[in-house]
Amino acid sequence: DDNTTSDIYFTTMSIIQSKGELQIGLGWEGSGCPVVVRGTTNEYRRALGQVARSDDIAVEIGSAAGITTVRLARICARTIGVDVQQSEVSKAIQYAEQQGFRTSLMDAEKASSATATTTKNTTVGKEDNIVSNAADSSGGNFASEQHHLTTEKPVVQFVVAKVGTDKECRPSLEPLGRVLAERGHSFRDVTLLAVDIAGTASLEVICPIIVSLRELLRPRITVVKSLSLRKLSNALRAGDELLSG
């Protein structure tokens, strides 16, 4: 009914805050931690492209075949896709590798180590040449290092997990937690959360998931693809405009 829909909306947009936070008017999910809602895939991807930053640790829930996750990985410092189906994760890994990404942090570290070893070996025994050609050699070595850095394949990772709600959210995302920990990160280090799970799902389905994810991760911004939430957002905006007019 209308009351239930309203309750779900306000629960989604404002998780219960402490009395002190309410008095201040800005809890952790005040205006500094907004939710962007988009109704279509194109709008969702466009919004992510606008808000993503090069220092973000991004997580996409509902990564499917990996297209959006890979796009984020081209911008963000680290990106991880999460999907409930192993078949989708397998497709995402294949797609990412076709796009020039590594999908294993371990493989990337091995490659980086091999590159460093190769670079070191090629300079052993050439000190005289380096000294006698200091200016040229210095520029050449820098260019070579930059080449290795820019041509080394970037990393994007994918994991299988089914998001639970409330108290089940953290244990359900332990696979994500383990992947984050590979680089010393935790859930609270995630700064950009993207959610694309059944874009036509009802508010009763998607709202508790969004609430639980934001409570666990507390990202600086969340972008959601949901036609139901988008319609509700538009209706609420129209109501505010009617009252203000």
message: Quick check: net charge around Thr191, other residues with Cβ under 12 Å of its Cβ, Lys/Arg +1 and Asp/Glu -1?
response: +2
query: How much net charge surrounds Lys225 when only other residues with a Cβ under 15 Å from its Cβ are counted (Lys, Arg +1; Asp, Glu -1)?
result: +2
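Sum up the charges of everything whose Cβ sits under 13 Å from the Cβ of Cys169, counting Lys and Arg as +1 and Asp and Glu as -1, but leave Cys169 out.
Combined, the nearby Lys, Arg, Asp and Glu give +1.
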- request: List the residues whose amide H sits under 5 Å from the amide H of Val36, counting only those 5 or more places along or on another chain, with H placed 1.01 Å from N in the peptide plane.
  value: Thr222, Val223, Val224
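Taken together, the values in this text are just the output of simple stated rules run on the coordinates, not laboratory data. Keep in mind that this is a model prediction, so the values were computed, not measured. A quick note on method: Cβ atoms are made from the backbone with ideal geometry, for glycine too, and the neighbour counts reach across all protein chains shown.
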